[in-house]
Amino acid sequence: MNEIAEIINGTLHSGIPVEITEYSIDSRSVVTPEHTLFFALTGNNHNGHDYIPTLYADGVRAFVISEFREEFKLLTEANLIVVENVLAALQQLAAHHRQQVNAEVIGITGSNGKTVVKEWLYQLLSKDFLIYRSPRSYNSQVGVPLSLLGIDARTEIAIIEAGISQKGEMKRLQQMIRPTVGIFTHLGDAHGENFASTQEKLAEKAQLFTSCSWVIGQSGEAMEYIKTQLPATVSCLLWGEDENAQIQVKTLNITGGHREVQITYNGTNFRLDIPFADIASFENCMNVVSTMLLKRYSPDTIYSRVQQLSAIAMRLEIKDGINNCTLVNDYYNSDPSSFQLALNILATQDSSKERVVILSDFMDTGKAGDDLYPSIAETLRQANISLFIGIGKHLCEHRHNFAVNSRFYEDTEHFLRQEDRENFKNQIILIKGARAFQFEYIAGFLQKQSHSTILEVDLDAMVYNLNHFRSLTDAHLAVMVKAFSYGSGSREIASLLQYHRVDYLMVAFADEGIELRAAGITIPIAVMNPEREAFDNMIMFNLEPEIYALDILEDFNQALKKHGIKRFPVHIKLNTGMNRSGFDEQDIPQLLEFFNTERSVYIRSMFSHLAGSDEAKHDEFTLGQIHLFERMTERIQAQFNYKIWRHILNSAGIERFPQYHFDMVRLGIGLHGISAANAQLQAVSSFKTYISSIRNVPEGQSIGYGRKSYTTRPSRIAVIPVGYADGLNRHLSNRIGNVFVKGKRVPIIGNICMDTCMIDITDTDAAIGDEVEIFGKHIPVTELAEQLGTIPYEVLTGISFRVKRVYYKE
């Protein structure tokens, strides 16, 4: 710690000795707290100093701060390095670290294409070199230092992105990165308002390359100007069609999503088959090919490897959408030139479908809105766009320029809350937005269905139940929101749980997790049934898989390597007697052997499932499961130098086995008011409908399909619009089941139909429009489950998605 304090010119308040191997600016992403140095950054909406007590409680013992608060004096074991500016200290430490490594550093800048070029370089060069690349799009004043601190002594090539939006930023990035090879990708309109001219912006970007031996880029005005800003020690390798290009490139053919080009370099001619036809991919590919030529790769090697290039998911993607729609996703950046390119791609899609554009404000273009947005509106008209949806304050202000049927939202959150997926059918939809708008979440908003039968969810009751279980334990709390949060609605319930600061959410499948991320859920989410096909999405949306077999673990680790992601959390599932899935005790040696070498995953938790924790007759078996779990987890933990959480208790277990809460417990059905210990919990869900019609039926008449029920007196028979397609179990037909109306229980008569059923209201004064409760505060869901010979889980999760969920709180 003394050395770090000296490097960043800080004053150290010493605590216990700490060996630092990890660096963090996010309190939620700390993996090994005992070896983490936390930088308490401050911003407009957050202050990292606020999280220091919590981090200290979690085991972090090293902090870089600019505010020495009175409460920090209580953190007696903490090492606190006080600096004037925490961000500057982070950058200073990164710059020092960069000077200590011997890796060749490739620095990439430009308005577009940085991430694609970085990832394609990795794809083409990683067979020959040990490569480190900045994760995702870590190219900012914060992202770059975190990227650099990840380079280790073994790295042969480090590929680092650098992005700027203001004057003076690149100098700080260059002092940290100090690349030996530079790549300039493209000059667009982004951030133009912060520079007096195009030349000024190019001069700013050129600063990255002042330490380079070589700079690669497309021949043209931009690179010619950049060359004037570089020292004489820097050489440029240019590609293009004009005479100034050392690498001459000519497009021969574009067909079937491929582009065939001819390359001439150093007297050698060869051809390439680029597996992408669009101009942006061509430019990105040529920057990568030029790098390979600089490294003296043979034409045959370049040809074979370029053919294997795969698309980068962060860029424009064309995917199948809902309701026979096609989505053109380009939510990575937004400027007028890239918007035009996206419209060009939109025009190549199925001409039989209407065109829809969902667009965010353009960010930092340097153009006045009064000039920019009318031109965008005209461009949309020329492109025959049927529907335009604008998101952002500037678009809202200029809505009068657009077609009358356009829709506008202040931000993405308002779009997600107010739009209905049923509005989009048989369309080609371009989703184009600046990164700040997080348009990747638009694809996850929920389908809303209109249906007169509702499931009413009492949020106050849910919070009451949550607090009851919280009062029983000091362990971390994970809450199950799988299966549409037991029928109650995943998005809304997850938002409530996030507000009340639960530690984890757990879903069954990745799709459920993606929908939660789309709804703005940021807390950790674990996926209980990870499917290989969903690995890429799980990584993109930061969803943590529960691993139950070695082959799944190996495949997920490979997926992480492909994305260049390290230290991704997983949850190891152990079989202690459920005999459904999980590692058996005899599998532990193979599991530990997997971790004998460096992996891209780390174990966040170990867990198991209890088979009968809700019934006392199974207690001996339950305790046997718990003791086996203890033995297995102790054996695994002994092989790791960081703390791995343990959890085995479900809702019933939390109540009945308080001595085995371990590090975390999993709350499921208890949240919805079901207690194994007869605790006075509150009913959360009420399944309700209303009377749609009433008929007077004489004595002796049959009611409904199959003629299973007859009236035994002159009767008033009401029809309610709920059937087995809504989740009303057909076994409740013919007076077995009851409903509650006008203060009384009345029987279901006749067979329950798909969309309706009949009830006998003869002994009530019920009228058309009166409310009918199927289960809720008057007919407990547990009672209904007993009638059906099942469990409340099945009843709750059986409520159809077409049933509208209504949420309320007092």
I'm trying to understand the selection: among the residues of region 57-70, which are surrounded by 14 or more Cβ atoms within 10 Å (Cβ to Cβ) and more than 24 Å from Asn9 (Cβ to Cβ)?
Asp58, Gly59
Residues being within 23 Å of the chain's Cα centre (by Cα), closer than 23 Å to Gln558 by Cα and assigned to a loop (DSSP other than H, G, I, E, B) - total across region 90-148:
5
What do you reckon, is Ile312 at pLDDT below 70, outside any loop (DSSP other than H, G, I, E, B) and under 21 Å from Asp536 (Cβ atoms)?
no
If you check Phe621 against the conditions, is it closer than 23 Å to His661 by Cβ and assigned to a helix (DSSP H, G or I)?
yes
Counting residues that are within 19 Å of Val803 (Cα to Cα) and either within 46 Å of the chain's Cα centre (by Cα) or free of Cβ contacts under 8 Å to residues at least 60 places away in the same chain (or both), which strands (runs of 3 or more DSSP E) fully inside region 675-783 reach at least 2?
685-690, 715-720, 738-741, 757-760, 771-775
Looking at region 393-419, I want the residues that are within 19 Å of Glu440 (Cα to Cα) and have a partner that is polar (S, T, N, Q) and modelled with pLDDT under 90 with Cβ atoms under 6 Å, at least 6 apart or on another chain. Which pairs are those?
Thr412/Gln438
All positions within region 222-261 that are modelled with pLDDT under 90 and in contact with a helix residue (DSSP H, G or I) (Cβ under 8 Å, 6 or more places away or on another chain):
Asn244
All but one of (1) among the small types (Gly, Ala, Ser); (2) modelled with pLDDT of 75 or more; (3) more than 22 Å from Ile428 (Cα to Cα) hold for Ala377, so report the exception by its number.
(3)
If a residue must be at pLDDT 90 or above and out of contact with any strand residue (DSSP E or B) (no Cβ under 8 Å at 6 or more places or on another chain), how many such residues does region 656-674 contain?
7
For region 458-572, please list each of the helices (runs of 4 or more DSSP H) lying entirely inside it that holds at least 1 residues being under 20 Å from Gly668 (Cβ atoms) and either over 18 Å from the mean Cα position of the chain (by Cα) or not aromatic (Phe, Trp, Tyr) (or both).
459-470, 482-486, 490-499, 510-518
Among residues of region 747-763, those that are of a type outside the set (Asp, Glu) and under 19 Å from Pro698 (Cβ atoms), counted
7
Given (1) buried (at least 18 other Cβ atoms within 10 Å of the Cβ); (2) over 23 Å from Gln586 (Cβ atoms), index of the condition Gln625 fails:
(2)
Would you be able to tell me the number of residues in region 735-746 that are surrounded by fewer than 18 Cβ atoms within 10 Å (Cβ to Cβ) and either more than 16 Å from Ala767 (Cα to Cα) or of a type in the set (A, V, I, L, M) (or both)?
2
Give the residues of region 575-593 that are within 26 Å of Tyr504 (Cα to Cα) and not β-branched (Val, Ile, Thr), sorted by residue number.
Asn575, Gly577, Met578, Asn579, Arg580, Ser581, Gly582, Phe583, Asp584, Leu591, Leu592
Close pairs (8 angstrom Cβ cut-off, 6 or more residues apart or separate chains): closer than 30 Å to Phe595 by Cα and assigned to a strand (DSSP E or B) in region 644-659, modelled with pLDDT of 95 or more and hydroxyl-bearing (Ser, Thr, Tyr) anywhere
Trp645/Ser605; Arg646/Ser605; Arg646/Thr633; His647/Ser605
Hey, any hits in region 101-110 for a residue that's within 28 Å of Trp214 (Cβ to Cβ), surrounded by fewer than 19 Cβ atoms within 10 Å (Cβ to Cβ) and either of a type in the set (Gly, Ala, Ser) or without any contact (Cβ under 8 Å) to a residue 60 or more places away in the chain (or both)?
yes
Among the residues of region 53-60, are any among the small types (Gly, Ala, Ser), closer than 27 Å to Arg178 by Cβ and outside the structural domain of Ile177 (by TED's automatic domain parsing)?
no
Filter region 80-89 for residues that are part of a helix (DSSP H, G or I) and touching a Phe, Trp or Tyr at 6+ places or on another chain (Cβ under 9 Å); which is farthest from Val288 (Cα to Cα)?
Val86
Test of understanding: among Thr756, Thr762, Thr797, which residue is in contact with a Gly (Cβ under 8 Å, 6 or more places away or on another chain), within 30 Å of Pro714 (Cβ to Cβ) and hydroxyl-bearing (Ser, Thr, Tyr)?
Thr756
Looking only at residues in region 351-363 that are crowded, with 18+ Cβ neighbours inside 10 Å and assigned to a loop (DSSP other than H, G, I, E, B), which one is modelled with the lowest pLDDT?
Met363
Mind listing just one residue for me: the one in region 426-436 that is surrounded by fewer than 23 Cβ atoms within 10 Å (Cβ to Cβ) and at pLDDT 80 or above and, of those, farthest from Gly390 (Cα to Cα)?
Asn426
If you check Leu208 against the conditions, is it in the same structural domain as Val261 (by TED's automatic domain parsing), part of a strand (DSSP E or B), crowded, with 18+ Cβ neighbours inside 10 Å and of a type outside the set (Lys, Arg)?
no
Residues of region 564-594 classified as free of Cβ contacts under 8 Å to residues at least 60 places away in the same chain, under 30 Å from Trp120 (Cβ atoms) and surrounded by 15 or more Cβ atoms within 10 Å (Cβ to Cβ), total
2
Can you report the number of residues in region 471-482 which are under 24 Å from Gly513 (Cα atoms) and of a type in the set (D, E, K, R)?
1
For region 384-400 the number of residues that are within 19 Å of Leu343 (Cα to Cα) and touching a helix residue (DSSP H, G or I) at 6+ places or on another chain (Cβ under 6 Å) is 2
Subset of region 635-667 that is within 19 Å of Thr473 (Cα to Cα) and among the small types (Gly, Ala, Ser) - its residue that is surrounded by the fewest Cβ atoms within 10 Å (Cβ to Cβ):
Ala652
If you scan region 401-420, which residues turn out to be touching a helix residue (DSSP H, G or I) at 6+ places or on another chain (Cβ under 6 Å) and more than 18 Å from Gln438 (Cβ to Cβ)?
Asn401, Phe402
Starting from region 150-179, take each residue that is without any contact (Cβ under 8 Å) to a residue 40 or more places away in the chain and list its partners that are part of a loop (DSSP other than H, G, I, E, B), counting only C-beta distances under 6 angstrom and pairs at least six apart or across chains.
Arg154/Leu130; Leu173/Ala162
In the set Glu77, Glu3, which member is among the acidic types (Asp, Glu), over 26 Å from Phe568 (Cα atoms) and part of a helix (DSSP H, G or I)?
Glu3
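The values are calculated or read from the model by the stated rules, or taken from the named source; none is laboratory data. It should be emphasised that the depicted structure is a prediction, and the values quoted were computed from it without experimental measurement. A quick note on method: Cβ atoms are made from the backbone with ideal geometry, for glycine too, and the neighbour counts reach across all protein chains shown.
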